[in-house]
Every structure is written in C-alpha cells, then in structure tokens.
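Student: What follows is a single structure, and I will ask about it in a moment.
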C-alpha cells in the first residue's frame, strides 16, 4: 500500500458500444496538485466518477485516502466540482450551501459560519448587498460559479477533485480559482483536476497523467515527464538576425535534429548525443553574435501533441511509448 | 451515516416544498373550499327562499272550480317568508290566452316571478302549466307540482263525499324519505353520506397520489437538468437520494392532507352555531362515522399507494433529460392511475362485483379501490390484510425497479432510452 491520496489499480469501464477506460493505473501523491490531461472523450470524467464511487469500475480497484473508494464515509473527505455545473435554481444560496455541507456531515451551525466567511471572501456578501439570501437563479453565471466553488470546499476536504474547472470561467474567476488551488496546495490539500488546456496544467501541476482513448499515455512529476519525454531543446536568439554563415551549423545532422524558427527566437532540438557546449562554440565560431542561448525544456503542450498524436497513430498496435 | 444523509435529503425536499407559495396557497385554499361547501348551501338556500317566495307567483285559474284557491293555500303554507301567498286570478277559459300573455309581460317586467295555469286539462288530471323565471329550479317546480296534486286530490275526495276536515287530515302529512345503510356490523349512518364519502376519499387519494407522484417526477428532472444530481451523487448513494425524495414529498402530502382534514372536521363542527350567529337556521350535516381503525387503514393505503406510484414516477424522471419528454414518458404510469379512476363509479354502485374484487387485489388499483370499498361496505379482515400484503409486495417491487433505473438514469443525458435499454439498466445496475 502506498501513502497516495488516490491509488488506482487497473481499472476498466466498458459501455454498450465502447470502452471508456482501459486498464488504467495511476497514483496521486498526497499534497500534490495533479493534472488529469487528455483530449475530449479520453475518459477523464469517467475516471473521476469512478474515483468518487458515482459509477463502479468493471474491474480493478480504487483506494481513496487510504480506504477503498466504496467505504462508507470516505467521500465525505472529498470535494467534487463536476464539469457540468448547476445548483437548485429556486433555492436560497445559503440554504443550498448548508444542504451541501450537511450531505458531507457538517453541522448546520458550523456550516453557517463557514458560509458567511466564504461569501465575504469571494465578494458575494458585503454590508451593501448579501447575495446569500437571494435565490440561485437571481445570481449571474459568474456568481453561481463562485457559489459552486464554495459548495465544493465548504467541508474542508482532504482531497479536491475538479473536472474541467476552467471551462466557462471568465479571466477573473479563472484567476480566483487558480489562487484557491494554490492556497489549498499550501494548506496540504491534494488537488486533482482534469483539463485539456495545457497552459493551466503546466503552471499549476506538480504531476500529471495524460490519457487518450481511455488509456494512460504517460504519467509522473512534471519535471520527470519533461526530462524523460522532451528531448533536449535550445532557445537561441542572435543580435543581428540569423547570419548566412550559420546555415551550415544548423544543417549539421550530428548537432541539430530540427529547427523551429520563430523569427525573434529559434527553438533548436539537439541531435541525439550532441553536446550543447559544442553547438554554442560552433555558433560563435561562425561569427554570429549570441544574445541568448538557453537550454530549455519542451512545453507540456508539445509533449502532449507528440505523445497523444503518437498514441493515435499507434492505436491498437502496442499501446504507448 | 446513511441515516444522516437520508435525513438531510428528506429534510430538504420537505422544507423547500413547504416554503413555496404554491404549497401555502393550496393548503389555505383547501379549507376555504371546505368552508364554502359547509356554509354556502345554507346561505344560498336562505337567499333563494327569499326570492322564490310564492307571493310573486300568479295563479291563473280557468277551471271554474275552487282548485286555484286550494293551490294558493297550499303554496302560502309552504312559503316561509311570505304570509301573503300567491296572487290568485279567476279567469274565464275564453280569456285565458289574453291573461297568459299579460302574465308573461308581468314576469318580463319583473312584477312577478312566474305564473301557473290551471285549466280543464288540470281538472282531468293530466297537466298544469308553469312559466316563470324560476322554471329551472327543481325544488320550486317540485313544490308547485305537489301543491297542485294535493289540491286536486283534496277536491276529488270531497267530490266523492268525504268530509272536508277529514280530507285535510288525510292529505296533510308531508313525507320525507330517510335512507339508512346496513352493513355486517349493523345499521350505520346514512346511505348517501357513505357513498359521497367513499367517492370523496377515493378521489382525494387519486388526486393526492397523482399530484405528489408528479411532484417527485419533476423533482428528479430538476436535479438532472440543473446537474445537481452529480454533485449529490458524489456525497450520497442514489438509493438514499431516491428514498429521501419520496419520503420528503410524501411528508409534504401528509402535512397538507392533515391540515385539510383537521380544518374540514373543525368547520363541520362549528358550522351550525356559526350559521346560527349569521341568522341562518340549519341542520347539522351528517358526518360519516369513521372508526379509528378505518382511518388508519385509509392512511396506510394512501402511504403505500403513494410509495408505489412515486417510485415509478421517479424512475420515469430518471429516464428523461428535459421537460418536453416528460409527458410522453410518464404516460404508462399515469394510465395505470387513470384506469383505476375510470372504474370508480361502477365499483361504487356495486362494491361486491367481480370487477371490484379483482381491482382490490391489483397493487396499482388497490390503494384507491380498497379505501373506496371500505367506506361503503365492510370487508373481512382477511381480505384487507391480503390486499395490503399484495400491495406491500408491489411497493417493494416498484421501489427496487425504480432504484435500479434511477441509479443509471441519473447521470444519463441526451436521447431518451428505449424500453430495451431501460431493461438493460435494470439488469446490469448493481
């Protein structure tokens, strides 16, 4: 047994016509921000629903916070924000939140205090206007999203699962959500979120798992993933633009595998076994004035494109790299 | 743990419904309706009596006898608010047509309410004619008719040589018929009262089951369409959510029925003294005599019937994603209820028929048919226990079925599943 917040072993889920999740295993370390990445229809939501025991996997086992996910009471320690969001329209905001807290075993008195604090914190309750006593459908979409975040976090869960949390958020709410995730991480809460937006994942996640067509493509800590799957890249900028004398250097297959010229900077992928120090020396020897020469890691975006594209091409042959 | 969550969902269903304007209006309006039923007839009767007092009726007597005088006397005695009695006009048969058109004009100008024509056809015992504004009032016409009959009878008896005081004594009695019901337990209450009561109970049960069953249905759809279902499903097993919904809405129904029945009972109790204060004399409306045992049985049948139908409605709700599909999807369940109500009247008229017996044993009709029969006839404890046991088995089956459909359907969106798909949900859920 590991000390993982979530430990998924070989789960599969089959629906009438297709396989939603196939033999998936992953471990989410406690206290980490974990990204579940994949294109639409990859099986992210199905995986999340199985974690929360909303649907049962056909095979395999899931351990949440050290207990089987089917154990009674374990989901009380988890907060969940589904992809499709909504609240009872005709209910007062405070009453909805109190109900959600009560479902997680929070006494109404405790809940009321926390609700007031949260409403003030997200700006839904001030001396001028208290949206807490308004009906849900009187709130704007952005306000309803805030209420939904509060409902997810009110019972101070040890594990928070957010399904596509950034979809449909305006930049202000997206920023607020990002701040909340960072703060949760700081207080020791484990956060899992699914997304297909790599920029968010790259900024926030400690570790990721990329899935496509219900199968795991790769997983691990971001740094490890980049080191392992990225290859080696150099960002290069020259003072007077690319000199003609540089062309033979860049075309040397022993040094350079591929160049992506973006005008101001060039992204150079080193050839296998090539030494970046030798490349730098060769460039300077060719007479170019180097402004920037930096060893960089590839973006998650690039890894995602490479790997998911590859998995697509290799579908049904040998799985993943 | 599970109980605490069941309590939380039940409480929400109950409180959110009880807080709505609809509930408050319906709960208050119910007693107002009962009040109207208890008070209006007496008040209306007082008003109609005043307007149709027979002082404003003209009697055109073209018989050449004293029949007109006799009828006038009989009507005057019947008219509580008019000492004067109707206006009697002795008419020559030849001038009857003129007198009639004159009387018609009087009625049109509201100088008279109507007029009665007595002619040789009346003397022959065939017809008398009445025309007037109150011609559609059955009681008025009935009274005029019996006054004419009585007068004619008295006249013929006297012509046959019977002494006029004797005739008075002989034709005097005003007879009314009191019908009383006899059951296995002996005589009990009025026959009509128990039929009306049986009908009212059955109809009330039908309305309540339909109303609150649909309430459950729309509750499920609301949770699906607002996507609240998924948030709740991450905290509460679907079965608990389903149970909380059925129990919460059921409690709302019982609350409303209790408020209605208590106010109705209280209103019937204070009706006579209250009307007396308003200056209206009335007799106490007969209340059906219900034993505590019967009352408990009625409640038990209501609760079981509600559980049976509410679970089915919840299952229907889980199979649809939007309000547009609801009506079509709910039709099979609604049909079961409507089929029951169609047979209410024949069963009420013959509560021991083959039809009545069969429908008492079917779980979908017994919650309505059994209370109906119980309030008009008495049934053996064996039959009551047996039908209730079958109904309980029916409830268990319907709850089981609903839980399985609900569990899968709660997170299904989009196209409505076919019957075959629903069967597969039932088979594989687990």
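Quick note: the coordinates plus some simple rules give every number you see, no bench work behind them. Owing to the predicted nature of the structure, the values given are computational and were not obtained by experimental measurement. Neighbour counts are summed over all protein chains in view; Cβ atoms, including those assigned to glycine, are modelled from backbone coordinates with ideal geometry.
Student: Pairs of Cα atoms under 8 Å, at least six residues apart: use those to get the relative contact order of chain A, whole percent.
Tutor: Details: 559 pairs, mean separation 62.2, N = 321.
Taking the mean separation of contacting Cα pairs over the length of chain A, I get 19 percent.
Student: Take the Cα atoms of the stretch A:99-178, build their convex hull, and give its volume per residue in Å³.
Tutor: Hull volume normalised by residue count: 109 Å³.
Student: Please compute, for peptide A:96-102, the average count of beta-carbon atoms on other protein chains lying within 10 Å of each residue's beta-carbon.
Tutor: 4
Student: What full-extension length gain, to one decimal in nm, is calculated for residue A:286 and residue A:235 as 0.36 nm per residue of separation minus the Cα-Cα distance? It would help to have the intermediate numbers written out before the result.
Tutor: Values: separation 51, 0.36 × 51 = 18.36 nm, distance 1.76 nm.
Extra length from residue A:286 to residue A:235 when fully extended: 16.6 nm.
Student: I need B:7, A:118 ordered by Cβ neighbour count within 10 Å, fewest first.
Tutor: Values: B:7 15, A:118 20.
Neighbour counts put them in this order, fewest first: B:7, A:118.
Student: Could you list A:205, B:395 so that the one with the fewest beta carbons within 10 Å of its beta carbon is first and the one with the most is last? Mind showing how you got there, number by number?
Tutor: Working: A:205 25, B:395 21.
Placing the least packed residue first, the sequence is B:395, A:205.
Student: Give, in nm to one decimal, the length gained when the segment between residue A:277 and residue A:113 is fully stretched (0.36 nm per residue of separation minus the Cα-Cα distance).
Tutor: Answer, rounded to one decimal: 53.0 nm.
Student: Per DSSP helix of 4 or more residues, -39500 (n - 2.57); summed, then divided by the residues of chain A. What does that give at 222 nm, rounded to the nearest 500?
Tutor: Mean residue ellipticity at 222 nm (helix-derived): -10000 deg cm²/dmol.
Student: Let me know the volume per residue of the alpha-carbon convex hull for the protein assembly as shown, in Å³. Could the numbers behind the result be given before it?
Tutor: Numbers: hull volume 208.7 nm³, N = 751.
Per-residue hull volume (Cα only) is 278 Å³.
Student: Something else about it: Given labels modelled 7 Å from the Cα in the Cβ direction, how far is it in nm from residue B:203 to residue A:56?
Tutor: About 4.8 nm separates the two model spin labels.
Student: Still on this structure, please answer the following. Averaged over all directions, how much area does the convex hull of the C-alpha atoms of the stretch B:257-393 cover when projected, in nm²?
Tutor: 11.4
Student: Can you pull the one-decimal nm distance between simple spin-label points at residue A:244 and residue B:357, each 7 Å off the Cα toward Cβ?
Tutor: According to this spin-label approximation, the distance is 11.3 nm.
Student: Run the numbers for residue A:70 and residue A:296: contour at 0.36 nm per residue of separation, minus the present Cα-Cα distance, in nm.
Tutor: 77.0 nm is the gain from fully extending residue A:70 to residue A:296.
Student: To the nearest 10 degrees, how steep is helix A:300-313 against the longest Cα principal axis of chain A, on a 0 to 90 scale?
Tutor: Helix A:300-313 sits roughly 90 degrees off the main axis of chain A.
Student: Hey, rough spin-label estimate for residue B:421 and residue B:66, points 7 angstrom out along Cα→Cβ, what's it come to in nanometres?
Tutor: Calculated label separation equals 9.1 nm.
Student: Quote the FRET efficiency, to the nearest 0.05, computed for residue B:397 versus residue A:186 with a Förster distance R0 of 51 Å and r equal to the Cβ-Cβ distance.
Tutor: 0.45
Student: Further question: Among A:289, B:387, which comes first, second and so on when ranked by fewest other beta-carbon atoms within 10 Å?
Tutor: A:289, B:387
Student: So how tilted is helix A:93-103 from the main axis of chain A? Cα-based, degrees 0 to 90, rounded to 10.
Tutor: With both axes taken from Cα atoms, the answer is about 90 degrees.
Student: Taking R0 as 60 Å, what FRET efficiency do you get between residue B:37 and residue A:30 from their Cβ-Cβ distance, rounded to the nearest 0.05?
Tutor: Taking R0 as 60 Å, the efficiency between residue B:37 and residue A:30 is 0.30.
Student: Continuing with this model, one more query. Please average, across the residues of B:222-229, the number of beta carbons from any other chain that are within 10 Å of each residue's own beta carbon, and give a whole number. Spell out each step's value before the answer.
Tutor: Details: counts 4, 2, 1, 2, 10, 7, 10, 4.
Averaged over the peptide's residues, the number is 5.
Student: Computed FRET efficiency, Cβ-Cβ of residue B:162 and residue B:299, R0 56 Å: what is it to the nearest 0.05?
Tutor: The calculated FRET efficiency here is 0.35.
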